[in-house]
Amino acid sequence: MSQQPSPVQPLKTVGHATRRIDAVERVTGKATYTRDMRLPGMLYGRVLRSPHPHARVRGIDTSKAAALPGVKAVITHDTAPVWWGAGSIAGGAQYNDDIKKITTQRRYIFNNPVRFVGDAVAAVAAVDRHVAEEALDLIAVDYEVLPFVIDPEEALQPDAAKVWPEGNLSPNARNEAAPTQSRRGNVEQGFAAAEQIFEDRYSTAFVHDAQMEPRACLAHWEGDKLTLYTPTGGIANCQHDTARDLGLPDEKVRIVCQYMGGNFGNKNQNQDADLIAAMLAKQTGAPVMLELSRREDWLGMHGRWHTVQYYKVGAKKDGTVTAIELRGYSGMGGYRKNSGAISGLELYGCPNAVSTVYPVYTNRTTSGNFRGPSDPQGFFGIESMMDDVAYKLGIDPVEFAMKNMRQPGQGVTFTNFSLDECIRRGAELFDWKTRWRPVPGSDRGPVKRGAGMSFMQFRAGAGRSSAVLRVDAKGRYTLFVGVTDVGGGAKTTMGMIAAEELGVPLSQVDVVWGDTDRCPYSVGESGSRTTIMTGYAVVQAARDLKKQIADKGMPTGSSVLVASVDPNPGTDGKVRNCFGAHFVEVDVDTQLGTVRVTKYVAVHESGRIMNPQTAKDQIRGAAQQGIGQALHEDLLYDKRNGQPLTAGYYGARHLTHLDAAAIEVTFIEVDDGYGPFGAKTVGESGIILGPAAVANAVFNALGKRMKDLPITRDKILGALA
Amino acid sequence: MARKPKDKISRRRFLEGTGVAIATATATPAFAAPFDSAQGRQAAPPQARTRIRLTINGVAQRIEVEDRWTLVELLRDHVGLTGTKIGCDRGECGACTVLLDGRPVYSCSQLAVWADGRTVQTVEGLARDGRLSPLQQAFVDHNAAQCGFCTSGQLMAATALLARTPRPTPPQVRTGMAGNLCRCSNYNAIVEAVLAASGSAPQTTAGNGGAQ
């Protein structure tokens, strides 16, 4: 079944474990993050946020705050009515300018009514952050408190409080209030052909991206040109979005991000903090450093949308799935920042499937992209459901997966396919036949052991990005790429790809990154696209430069040769995916309700691996995040008052050194002829499988299906009671 | 979030309150508002300042600090040592870990005035004459910094651990660094780096595997 291209041929630089080119800066404190910037005369900005889940602002009295010595500006919607295009967009179509224009449910940098606890109301700039904080206390806001709704299913009831006057079903990209639907085959016929039908409900929690660096932005106007020092994984997107929102041409906005403390989907495009800082700087005529506290970052930014998923699956007794139906609800908070999609049905070859997903407004904090935006929650639901079906039909879940996964020839042509190989290798390395218990819950306990697995395929398509490469007379190469290196090691990877194609050592290549005045367009570090797309542009730039050198000879004196490329490659109509399978063993303490991961095997095919060191740690870190989503993380709300209860690392119980599992990573390497040297997706792929694999292992240990993430102690003890 | 002035607890009062919990627990009036009413107040009261002596990365300094400054504010905003990061500013994440008289502390949860007469070491003080410390070198070699934002704190916690326990076992490393979060969740690599720097053979880097 595997369609394997020829095994990868070794290369000189690419494929070898390589230290990051900026590792010394990262371990000496010299790496400059946004909050480490200082400009002469710099002021400090702070934001006032709503304490209510839903309220109309009757009036804001800023006079006392403005009179406080040291305060330089107080802004509200009246003085800074800036529409934040990326903050709410019809259908969550985040990169589409035309849809931003037609979006009617718009989000501003300050909103009225406020739609969640933490929605921004006003901001101040002052000589230091203490004065700015004091000034916030002096702003008097007259709120008319409104009814609120927290639960997405309740929000669709006719008598629910309305987050938007048009209703709580968030409109699509045509501004129509309709769920997102996708359909293949004929599900009615599929269910008619089934010998057994299974139905169940699963749910997942809101988990915050929780990158270690809280949001900040330093805004600085020089004449009519704005410079924003801001943590963003996409400087080009941030520039374009900010320019549009402020009514400036793109070239009048410069975005600089040299180092940033994590991304995970929280920092592409522009954020309201960028616009608020820009408005404060404009009003005061001074540079303004806007800082968000950890709590503000948790509530004011976004996290993974929480979901409710109802499945109906039809199957034959031999384990052939004949129909799948999903009805899902995604809680988007008060604004539609991203899609709210629920993935997973595409994993299965079953010809008859229908998915109907309702993106729903609530008075909770905003939902948005987090590493594999629609995947871990959807894969948890469908792969728990299918695991359950496999047990009920008396079939080993690994065999069930091999039988029902989407394969070549089922209406799709892949550039290569290795999911079966990932599952086989994983089962072998994990020793599935020994660790998995055919009778779930059969361990006598009281600490019960069990094993589970999950599998995935995830997009690894090609696309547009740019690179500029220069060589001087001394043979020094300088690569200009619009990456910011959110933590995955993109700068080093881009340098390695250039060195490989040029045939020079990495030490001969300097990389310039993270500044829109110096770097060409890059797709941005979202969608795991940097290595594939910007890396491909780097290869093309190196080829162009090599040809120039061959034609003209190396430059002499002060002249240089420059290659500038902007390729937009495709995959010849084929589907290009990465593949993976995770196998997990857990111990569940039936007296305490705790879950401990005792073994974790991750097998991935991500094409050719560019830098094995950083790639391995991307998978290991992502798998830990997946465990956190499975067992710990949640943003709980008090339904009586709409207040968030667990904002922050402590409340959401993020994994610590004491909680981390040993993740064993294996890469199956192939070169399918696309991407730079055959590279595929890595960054997001590792988080997708954890929740399903952990939950399935818990079922194998207990014989009780845990259907609601996170699988906390109370839920386990409740299931056993 | 929006606070009413009368509910406000200053950072100094809060930290002192938690630092000497018993003493202030009976002294609730100490939590009374610094400003009972903002009405008519035209000038911010001058902030109390204290002159302190301390040694930072081996250099003795005399600095006049505002009493409300935290140690991390002093380091980052007034001494220019921005290698120490603020991740949560409330003692949850460990990004701001520095050594105070050789012991790891969250510098967001220490007042600057408390450092009077004491010795502070930050990430900037680890390298000697431009040479990385063995621990820093191990962090480089083992890719222990992904985004790098927690790295300074991880390094300081590990430096303190290795000073105390030169050849730690993997569980000792994990316990010694339990207060330093990494959202890149690069925990395996960090523990590998610390073990490599100590010369201890890495056995397993696993912790409790997600145990709640």
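The values are calculated or read from the model by the stated rules, or taken from the named source; none is laboratory data. The structure displayed is predicted, hence computed values, not measured ones. Cβ: placed from backbone, ideal geometry, glycine included. Neighbour counts: every protein chain shown.
Of all helices (runs of 4 or more DSSP H) completely enclosed by the range A:614-720, which ones contain at least 2 residues that are modelled with pLDDT under 95? Full working, then the answer.
Details: elements: A:649-652, A:685-688, A:690-702, A:713-720.
Helices (runs of 4 or more DSSP H) meeting the threshold: A:649-652.
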- request: Give me a count of the residues in the range A:288-310 that are away from every other protein chain (no Cβ under 14 Å), buried (at least 24 other Cβ atoms within 10 Å of the Cβ) and not aliphatic (A, V, I, L, M).
  value: 5
task: Please tell me if B:Ala138 is farther than 25 Å from B:Leu54 by Cα and either free of Cβ contacts under 8 Å to residues at least 40 places away in the same chain or outside the structural domain of B:Arg90 (by TED's automatic domain parsing) (or both).
output: yes
Condition met for A:Gly92 (closer than 26 Å to A:Ala161 by Cα, buried (at least 17 other Cβ atoms within 10 Å of the Cβ) and away from chain B (no Cβ under 14 Å)): yes
statement: Over the range A:574-600, the set of residues crowded, with 24+ Cβ neighbours inside 10 Å and among the hydrophobic types (A, V, I, L, M, F, W, C) is A:Cys578, A:Phe579, A:Ala581, A:Phe583, A:Val584, A:Val586, A:Val588, A:Val595, A:Val597
query: Just a yes or no: is a residue in the range A:2-17 within 27 Å of the chain's Cα centre (by Cα), under 26 Å from A:Gly265 (Cβ atoms) and either within 14 Å of chain B (Cβ to nearest Cβ) or surrounded by 17 or more Cβ atoms within 10 Å (Cβ to Cβ) (or both)?
result: no
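Let's see how each residue does on (1) surrounded by fewer than 17 Cβ atoms within 10 Å (Cβ to Cβ); (2) assigned to a loop (DSSP other than H, G, I, E, B); (3) of a type in the set (Lys, Arg):
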{"site": "A:Asp517", "(1), (2), (3)": "yes, yes, no"}
{"site": "A:Pro520", "(1), (2), (3)": "no, yes, no"}
{"site": "A:Gly527", "(1), (2), (3)": "no, yes, no"}
{"site": "A:Ile549", "(1), (2), (3)": "yes, no, no"}
{"site": "A:Met554", "(1), (2), (3)": "yes, yes, no"}
{"site": "A:Ser558", "(1), (2), (3)": "yes, yes, no"}
{"site": "A:Ala563", "(1), (2), (3)": "no, no, no"}
task: Filter the range B:141-155 for residues that are in contact (Cβ under 8 Å) with a residue 60 or more places away in the chain and over 17 Å from B:Glu192 (Cβ atoms) and give the result.
output: B:Phe149, B:Ser152, B:Gly153
message: Residue under question is A:Tyr108, and the condition is that it be aromatic (Phe, Trp, Tyr) and modelled with pLDDT of 95 or more; does it hold?
response: yes
- line: Flagged in the range A:163-180 as surrounded by 16 or more Cβ atoms within 10 Å (Cβ to Cβ) and at negative phi, in numbering order, are A:Val163, A:Trp164, A:Asn168, A:Leu169, A:Ser170, A:Pro171, A:Asn172, A:Ala173, A:Pro179, A:Thr180
message: What's the total number of residues in the range B:173-190 that are more than 7 Å from chain A (Cβ to nearest Cβ), assigned to a helix (DSSP H, G or I) and either crowded, with 23+ Cβ neighbours inside 10 Å or modelled with pLDDT under 95 (or both)?
response: 2
message: So if I check each of A:Gly190, A:Gly234, A:Gly167, A:Gly185, which one is assigned by TED's automatic domain parsing to the domain that holds A:Arg107 and either more than 30 Å from B:Gly94 (Cα to Cα) or out of contact with any Cys (no Cβ under 7 Å at 6 or more places or on another chain) (or both)?
response: A:Gly234
query: Looking at the range A:225-254, which of its residues are polar (S, T, N, Q) and touching a residue at least 60 places away in the same chain (Cβ under 8 Å)?
result: A:Thr230, A:Thr232, A:Asn237, A:Gln239
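From A:Lys267, A:Lys252, grab the single residue that is among the basic types (Lys, Arg) and surrounded by fewer than 24 Cβ atoms within 10 Å (Cβ to Cβ). Even if it seems obvious, please write down each step before you answer.
Values: A:Lys267 fails: surrounded by fewer than 24 Cβ atoms within 10 Å (Cβ to Cβ).
A:Lys252 is the lone residue from the list that is among the basic types (Lys, Arg) and surrounded by fewer than 24 Cβ atoms within 10 Å (Cβ to Cβ).
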message: Restricting to the range A:44-84, name every residue that is away from every other protein chain (no Cβ under 14 Å), buried (at least 24 other Cβ atoms within 10 Å of the Cβ) and under 31 Å from the mean Cα position of the chain (by Cα).
response: A:Gly45, A:His54, A:Trp84
field: Residue count, the range A:617-636 (criterion: at the interface with another protein chain (Cβ under 10 Å from one of its Cβ atoms) and crowded, with 24+ Cβ neighbours inside 10 Å)
entry: 13
- line: Selection from the range B:87-98 of residues more than 7 Å from chain A (Cβ to nearest Cβ) and either within 18 Å of A:Arg129 (Cα to Cα) or in a loop (DSSP other than H, G, I, E, B) (or both) yields B:Gly91, B:Gly94, B:Cys96
message: Suppose we filter B:Pro168, B:Pro202 for residues that are more than 10 Å from every other protein chain (Cβ to nearest Cβ), modelled with pLDDT under 95 and in a loop (DSSP other than H, G, I, E, B); which single one remains?
response: B:Pro202
